[in-house]
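K.L.:
Here it is, the structure, as structure tokens.
The values are calculated or read from the model by the stated rules, or taken from the named source; none is laboratory data. Being a predicted model, the structure only gives us computed values, none of them experimental. Here the Cβ positions follow ideal geometry from the backbone for every residue, glycine too, while neighbour counts run over all protein chains shown.
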Amino acid sequence: MSKILITGAAGFIGSHVAEALLKNGHQVIGVDNFDPFYDRKVKENNLTIALASNQYRFIELDLSDKTSFNLLDEDIDIVIHLAAKAGVRPSIKDPESYLKNNVMATQNVLEWMQQQNISKLLFASSSSVYGNNKKIPFSESDNVDFPISPYAYTKKACELIIYTFHHLYQIDALCLRFFTVYGPRQRPDLAIHKFTKLISNNQPITMFGDGSTSRDYTFIEDTVSGIVKAVEYIQLHNNVFEIINLGNNTPVKLNELIRLIGESIGKTPTVIKADMQPGDVNCTFADIGKAQKTLNYQPSTSMAIGLDKFVNWYKKTLE
């Protein structure tokens, strides 16, 4: 089995990925800088299950600081680079921190991999790189030269940096474009989490736009299954650089999402309408044909079932 480094290991997706890889018998080293974007205690709770394994080691470090890599003294086989400063709207207010924590940190990871002769990388890219793509569904071959937020352009920049290191230094890489991942432990700033909290507390929710915008919501277990399959793929293949969508292939409109969350909670949402926010895209919709063919990726969780699982987790954990 492999020794795998996960960056962003205390986050929503990273903590689930670590648990899945530990179950499969891998050794996992997790790193995170506990960025104050949301409460550190939430991230510490995310680590609970992984830390119970003697095959897991966690190190707090900042990837934007090159000297912090001195703390990594193990022979790593694969890097899963999930760490990033998240959030479309906050990136408009503070683009410099997104360049530091996303672009420069990724550059540092790649330089360190080159120095350590580590040649296998999975990178968490994002559907946001597609911007307001006119062609539906979004395919990996589509032009992504028109990002509409700093967060999006940092993810595109990282894909380009990774390709350069693949070309120059033979680092094998899969750039996995995630599509609105949700489920237990989802970040508290994201819509499903916020709406669940507000509806549960009988408070009104703000709907930006007329409710017709849509997202290709992907349940965490499906995204993790895609990442695990990507690990298996990159272990077996050399001289590869691929960009692969990991979505659900089933967009859900915002007004439908609100209705479904209300149904799952058992309450009727009170909705206040507001203007669309800068940086928000109209639609995301993943063409997952490449993931199905390359990774045998098969998302299977419907929105209603996924929301029920999230709401159950929310009630048990946070109410």
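K.L.:
What about Asp216, is it closer than 26 Å to Tyr314 by Cβ, modelled with pLDDT under 95 and not aromatic (Phe, Trp, Tyr)?
P.N.:
No.
K.L.:
Residues in the stretch 310-318: is at least one under 26 Å from Phe208 (Cβ atoms), out of contact with any His (no Cβ under 9 Å at 6 or more places or on another chain), surrounded by 14 or more Cβ atoms within 10 Å (Cβ to Cβ) and not β-branched (Val, Ile, Thr)?
P.N.:
The answer is yes, given that some residue of the stretch 310-318 is under 26 Å from Phe208 (Cβ atoms), out of contact with any His (no Cβ under 9 Å at 6 or more places or on another chain), surrounded by 14 or more Cβ atoms within 10 Å (Cβ to Cβ) and not β-branched (Val, Ile, Thr).
K.L.:
I'd like to know if the stretch 122-133 contains one or more residues that are over 20 Å from Gly247 (Cα atoms) and not in a strand (DSSP E or B).
P.N.:
Among the residues of the stretch 122-133, not one is over 20 Å from Gly247 (Cα atoms) and not in a strand (DSSP E or B), which makes the answer no.
K.L.:
A follow-up question, please. Condition first: surrounded by fewer than 24 Cβ atoms within 10 Å (Cβ to Cβ) and of a type outside the set (A, V, I, L, M, F, W, C). Now tell me which residues in the stretch 16-38 satisfy that.
P.N.:
His16, Glu19, Lys23, Asn24, Gly25, His26, Gln27, Asn33, Asp35, Pro36, Tyr38
K.L.:
Filter the stretch 156-189 for residues that are among the hydrophobic types (A, V, I, L, M, F, W, C), closer than 15 Å to Ala124 by Cβ and not in a helix (DSSP H, G or I) and give the result.
P.N.:
Ala173, Leu174, Cys175, Leu176, Phe178, Phe179, Val181, listed by residue number.
K.L.:
From the list Thr164, Thr180, Thr196, which residue is among the polar types (S, T, N, Q), closer than 18 Å to Ile244 by Cβ and modelled with pLDDT of 95 or more?
P.N.:
Thr180
K.L.:
Same structure again: Quick check on my filter: what residues within the stretch 66-91 are in a loop (DSSP other than H, G, I, E, B) and touching a residue at least 40 places away in the same chain (Cβ under 8 Å)?
P.N.:
Answer for the stretch 66-91, where residues must be in a loop (DSSP other than H, G, I, E, B) and touching a residue at least 40 places away in the same chain (Cβ under 8 Å): Leu72, Glu74, Asp75, Ile76, Asp77, Leu82, Ala83, Ala84, Lys85, Ala86, Gly87.
K.L.:
I'm checking my understanding of the structure. Among residues of the stretch 181-211 that are among the hydroxyl-bearing types (Ser, Thr, Tyr) and surrounded by fewer than 23 Cβ atoms within 10 Å (Cβ to Cβ), which one is nearest to Met113 (Cα to Cα)?
P.N.:
For the stretch 181-211, the residue satisfying everything is Thr206.
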